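In what follows, a single structure is set out as structure tokens and then discussed.
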Amino acid sequence: MSFSDPFGSDPSGDDNPFESMNFFLQDLSKMFAGRPAGSWDTALQLAGAIATEGQPEPNVDPADRLAIEQLARVAELHVGEVTGRSVEEPVRIEALNRTQWAKRFLDEERPLLEELSGSIGAALQSQLGDLGSEDFSEIDLQQPSLPGMPPEALIKQLMGMMGPMLLGMMAGSTAGHLATRALGHYELPLPRPAHEPLTLVLRNVDEFADDWTLPREAIRLWVCLSDVAHQHVLNLDHVRAHLDGLLGEYVSAFSQDPAEIERRMRGLGIDDEFGGSEPELEALQRLAGDPDVLLSAMQSDEQLALMPRIAAVVSTVEGYVDWVLDTLGGRLIPEYDRVTEALRRRRAEAGPSSRFVERLFGLELSQSTFDRGSHFVDGIVERSGTQALSQLWTDEAHLPTPAELDAPGLWLARVGIESHDLNLDDLPEFEIPDFPDMDS
């Protein structure tokens with residue numbers, strides 16, 4: 001199996017997801033028995049295989065672990081000074097290899113990943129369940145069968161266990177792909193358990209520094225500062241609860257209506273997949289080989305309505321973290337400008353697999369997401385000073401709405417903070433009437 005695709009496409013170029021399930025046939029008995037442990041063991045196995053690209057992976061050197069622990073204390077001290085708020089317990093940052101980071105991500109995000117896999121599994125199952133028996137009879141299934149079970153029966157069994165199978169496939173591939181790219185704990189701005197240590201993928205951090213000919217120590221410190229700054233806001237109870245709630249709503253809301261899925265497919269211009277002479281099951285298999293298209297087809301109106309609210313929170317968090325780093329980075333990292341340019345370019349140039357993983361959770365981490373957050377935070381500071389920023393995190397009601405994110409003055413007015421000046425950009429657009437020509 002090739003691990004270049006989040007769904008684990010076959011290296012031959014055949015994007016048939018059912019063929020890629022051959023990897024899991026040894027665990028079919030566990031899956032049919034409905035034991036979640038079997039699915040989770042598969043997730044761990046797949047995550048490790050993707051993260052290491054099938055190669056042996058050493059543990060992090062103890063001296064490097066100690067160096068990261070020392071940088072964590074530096075980051076905690078300086079981030080606390082800028083934010084004006086200390087944390088309840090000392091910050092811990094553990095330097096891990098890719099496999100260890102992927103396993104930690106799976107363990108900490110298991111509830112969200114289970115909800116996601118169950119929702120997408122139900123959506124696919126509803127679409128498969130809408131097919132007639134003639135769709136199965138018209139296709140030559142080139143899959144190995146279990147003893148005494150014809151291929152059609154195997155497919156129907158797989159349909160019944162779609163959720164557990166997808167849990168192993170999607171959770172494992174998501175964690176594995178993130179581990180190949182992640183530098184620190186908050187590669188995705190997802191809330192994590194409150195009392196667990198932050199994590200850093202040392203191999204990725206050092207390889208990035210070497211690729212950009214930057215000092216390893218500078219990149220390590222930047223990542224530590226960024227993660228500690230994220231922790232300062234995402235670890236607040238009301239922020240975590242609010243974002244967890246939005247993400248939970250999103251991942252559980254994939255459409256399970258076959259008619260709605262087909263309508264969206266027509267809207268995406270792929271209705272010919274199901275209107276030609278090709279059997280529908282084959283068409284569905286080929287669409288599943290293009291997971292980004294399939295994900296768009298299964299996206300519900302409820303999810304589309306949630307995305308601006310998720311984006312408002314994520315943009316605010318990222319804009320605030322960028323402000324914290326820009327405030328203190330120059331005095332801690334001599335190469336700060338070069339380091340920041342490289343790291344911020346990296347996040348804007350994420351590849352298709354990274355974008356796909358983001359979209360699974362309703363995240364759109366494009367450059368505009370970060371720019372909107374920075375514009376909002378800078379606008380608050382320009383109008384009311386840095387003290388006003390602390391009000392962002394005092395209450396869930398103080399988080400900006402999508403409209404306020406693009407108009408900081410509106411947010412200041414709503415939360416009752418005096419603004420030093422009126423910025424005309426915050427006013428709604430209106431048309432100035434033409435004055436009559438008095439000379440005519």
**OP:** Mind sorting Y336, Y320 by how few other Cβ atoms lie within 10 Å of their own Cβ, fewest first?
**Re:** Y336, Y320
Subject >> Rounded Å value of the spacing that divides the Cα centres of segment 63-90 and segment 194-221 >> reply: 15
Subject >> Label-point separation in nm, E196 to E335, each point 7 Å along Cα→Cβ >> reply: 3.2
**OP:** Arrange the following residues from fewest to most other Cβ atoms within 10 Å of their Cβ: V381, V82, V91, V228.
**Re:** V381, V82, V91, V228
Original post:
Taking Cα pairs under 8 Å and at least six residues apart, what relative contact order does segment 314-430 come out at, in percent?
Top reply: 28
Original post:
More than 15 Å apart: what percent of Cα pairs in segment 367-426 qualify?
Top reply: 41
Original post:
Stretch D244-S296 to full length: gain in nm at 0.36 nm per residue minus the Cα-Cα span?
Top reply: 16.5 nm
Original post:
Under a point spin-label approximation (7 Å from Cα along Cα-to-Cβ), what is the H398-D378 distance to one decimal in nm?
Top reply: 2.3
**OP:** At 7 Å along the Cα-to-beta-carbon direction for both V74 and S366, put a label point, then send me their distance in nm to one decimal.
**Re:** 3.7
**OP:** Please report L188, L325, L304 as a ranked list, fewest other C-beta atoms within 10 angstrom at the top and most at the bottom.
**Re:** L304, L188, L325
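Just so you know, all these numbers are worked out from the coordinates, no wet-lab data involved. All of these numbers come straight from a predicted model, not from anything done at the bench. For neighbour counting, all protein chains shown are included, and Cβ atoms are generated from backbone atoms with ideal geometry for every residue, glycine included.
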